[in-house]
Amino acid sequence: MLSSVFLIVNFEMELHDIYLELPSEQIAYVKFIFESYEDIGIIRTVDRKKAIIVLLAMDAFLDNARAILTSLEKEIPLRQIPRPASISDDWLMAELALESRPDRLQVELS
């Protein structure tokens, strides 16, 4: 008789968003660098016109992601900025911004 055992682990990890401004011609390069380091972080374009991107990194990989950014700063003009007030180009970032608003009503389903 075969039996299966399933282990369900609930990790509550925080997603960190680091907003960056850089020359628009460097966006693809930064995306490529982070894609080559699997699981470190995800780069999304927030505002194509202003060349603003966001790095999404989980707690466990935040130090590594910051180290990569420090290295990139030696190669290209890159600066961290506060979250833009308007995040309209990227539906995911707009949703994350909405979820993080303190005035948003939280409803629990029973």
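Among the residues in region 35-44, are any on the phi < 0 side of the Ramachandran plot, in a helix (DSSP H, G or I) and modelled with pLDDT of 85 or more?
Yes, the conditions are met somewhere in region 35-44.
Let's see how each residue does on (1) part of a strand (DSSP E or B); (2) modelled with pLDDT under 95; (3) of a type in the set (Val, Ile, Thr):
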site	(1), (2), (3)
SER3	no, yes, no
PHE6	no, yes, no
PHE11	no, yes, no
HIS16	yes, yes, no
GLN26	no, no, no
LYS49	no, yes, no
ALA60	no, yes, no
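Mind listing whichever residues of region 13-45 are hydroxyl-bearing (Ser, Thr, Tyr), within 15 Å of ALA67 (Cα to Cα) and touching a helix residue (DSSP H, G or I) at 6+ places or on another chain (Cβ under 8 Å)?
TYR37
The values are calculated or read from the model by the stated rules, or taken from the named source; none is laboratory data. What you see is a predicted model; the values in this text were computed from it and never measured. Because the Cβ atoms are built from the backbone with ideal geometry, glycine has one as well, and the counts that use them run over all protein chains shown.
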